[in-house]
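Here the structure comes first, spelled out in structure tokens, and everything after it is commentary.
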Amino acid sequence: MNLRQKSLIGGALLGAVLGAVGGYLFTRGLDLPREEEEAQGITLNSVPPGEMVKVFIAIMVVLRGIAELGERL
């Protein structure tokens with residue numbers, strides 16, 4: 001295996017682990033009791049668009065940092 005293949009496999013594994021941790025933290029936040037509303041489940045419509053934009057921008061910033069790191073090495 002060359003360095004490119006090892007990097008792709010490592011990145012895929014790291015992404016899977018981070019995705020699983022993110023999903024766990026997200027669902028843990030849904031399980032927290034809230035006084036003002038009952039648990040109804042979550043849908044895409046219940047997530048405010050501003051929050052989705054913030055998450056998308058954060059993901060793009062991380063990917064850009066990884067790409068820049070690869071260029072420096």
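Here, each number is a calculation from the coordinates, and none is a lab measurement. Only a predicted model underlies this, so the values are computations on that prediction, with no experimental measurement involved. For neighbour counting, all protein chains shown are included, and Cβ atoms are generated from backbone atoms with ideal geometry for every residue, glycine included.
Run the simple label-point estimate for Leu30 and Ala67 please: 7 Å along Cα→C-beta, distance reported in nm.
For Leu30 paired with Ala67, the spin-label model returns 3.1 nm.
Once R0 is set to 35 Å, what does the formula 1/(1 + (r/R0)^6) return for the Cβ-Cβ distance between Phe56 and Asn2, expressed as a FRET efficiency to the nearest 0.05?
After rounding to 0.05, the efficiency reads 0.60.
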